[in-house]
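Single-structure report; data block below.
The values are calculated or read from the model by the stated rules, or taken from the named source; none is laboratory data. The shown structure was predicted, so the numbers you read here are calculated from the model rather than taken from an experiment. All Cβ positions, even for glycine, are placed from backbone atoms using ideal geometry, and neighbour counts span all protein chains on display. Heavy atoms of the whole protein, side chains included, go into the accessibility calculation; ligands, DNA and RNA do not. Shrake-Rupley method; radii C 1.70, N 1.55, O 1.52, S 1.80 Å.
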Amino acid sequence: PNKSSHNTLIKLIEENTSLKTDWEKVAEINVWMLAGYDTTGYTLANAVVLLAKHPRVATKLQQELSSVENPNERSKSKYLRCVISEVQRILPITASGSARVTGRDFEFFDRNDSGNCGIGGIDGIISNSSNGSASSSNENIKVRARVMCIPCGSNVVVPFLVSHRFPSIFKEPDDFYPERWDTPNDNDNNDKAKAMKAALTPFSVGMRNCPGQSLAMTEMLTALTRLMADFELEVQTEGSFQVMRFIGFRLRATRVTKQC
């Protein structure tokens with residue numbers, strides 16, 4: 001038994017009465033270890049390479065973090081969170097997405113006469129086929145015809161790499177631009193921010209989303225804060241980009257000289 005007086009992760013899992021067997025406890029530990037090690041490690045690796053390849057972003061982040069006198073408050077940096085969101089958007093670790101089984105029929109309709117309504121001419125107006133009605137927030141849009149139906153019980157996979165790079169949602173989607181997440185508080189930009197937030201799903205969504213996402217975000221915020229507040233990064237040896245990961249890059253970290 002875990003004799004630690006602190007609420008360690010192992011102890012919390014061990015004492016969780018909802019986990020009935022040792023196999024369930026082992027499975028829970030594996031989930032948290034995966035979230036706290038593998039995917040987080042790759043995300044951090046992608047982040048430091050992207051920052052080294054984009055010195056403007058790295059300098060802006062370093063200056064913002066250094067301007068906060070209390071080191072414990074630096075992880076609350078808004079621009080740091082913009083950088084992490086952009087890293088997760090442009091290089092999602094689970095780029096192939098996650099699978100779901102549909103609980104009902106989903107019908108997709110063409111929205112306008114031109115047929116130009118999103119990817120492949122499909123717009124995402126969804127209706128429940130039990131009553132055959134289609135709904136839309138814009139009363140001026142006329143539903144023309146059903147162009148696709150996903151029947152109940154279908155296995156559906158939504159690749160995150162695709163949703164994270166919708167040209168209709170993300171301007172210049174292939175560019176690393178953290179400022180896209182720093183949207184002003186006005187109605188037009190609020191709608192845009194909501195659309196981007198809905199499209200960004202690095203931890204999946206719904207009841208089956210990643211249970212370790214809070215741990216992963218805490219680790220990324222802590223690690224990048226400590227690293228970028230004290231060091232400048234530059235690419236020393238160029239590597240290659242394979243299967244959504246940087247391979248063979250060698251970086252040089254130089255400690256930032258603090259000005260009194």
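Structural remarks
- Taking the listed residues Asn2, Asn30, the one that is modelled with pLDDT under 80, over 18 Å from Phe246 (Cα atoms), open to solvent by 30 Å² or more (accessible area, probe 1.4 Å) and touching a Ser or Thr at 6+ places or on another chain (Cβ under 7 Å) is Asn2, with no other qualifying.
- Meets criteria (in a helix (DSSP H, G or I) and over 16 Å from the mean Cα position of the chain (by Cα)) for Thr43: no
- Test: residue in region 41-63 that is touching a Gly at 6+ places or on another chain (Cβ under 7 Å) and modelled with pLDDT under 95: no
- Among (1) part of a loop (DSSP other than H, G, I, E, B); (2) within 30 Å of Glu69 (Cα to Cα); (3) open to solvent by 70 Å² or more (accessible area, probe 1.4 Å), the one test that Phe176 misses: (3)
- Here Ser154 meets each of (1) touching a Ser or Thr at 6+ places or on another chain (Cβ under 6 Å); (2) polar (S, T, N, Q); (3) at pLDDT 85 or above; (4) open to solvent by 50 Å² or more (accessible area, probe 1.4 Å) with one exception, condition (4).
- In region 193-260, counting only strands (runs of 3 or more DSSP E) that sit wholly within it, the ones holding 3 or more residues that are open to solvent by 80 Å² or more (accessible area, probe 1.4 Å) span 231-237, 250-255.
- Residue list for region 78-93, filter: part of a loop (DSSP other than H, G, I, E, B) and either closer than 13 Å to Asp175 by Cα or open to solvent by less than 10 Å² (accessible area, probe 1.4 Å) (or both): Leu91, Pro92
- Test result for Ala223, more than 12 Å from the chain's Cα centre (by Cα) and either at pLDDT 90 or above or closer than 27 Å to Arg165 by Cβ (or both): yes
- Of the set (1) among the aliphatic types (A, V, I, L, M); (2) in contact (Cβ under 8 Å) with a residue 40 or more places away in the chain; (3) loosely packed, with under 15 Cβ neighbours inside 10 Å, all apply to Ala52 but (3).
- Those residues of region 157-173 which are of a type in the set (S, T, N, Q) and open to solvent by 70 Å² or more (accessible area, probe 1.4 Å), in sequence order: Ser168
- Condition check for Met228: among the hydrophobic types (A, V, I, L, M, F, W, C), at pLDDT 80 or above and under 14 Å from the mean Cα position of the chain (by Cα): no
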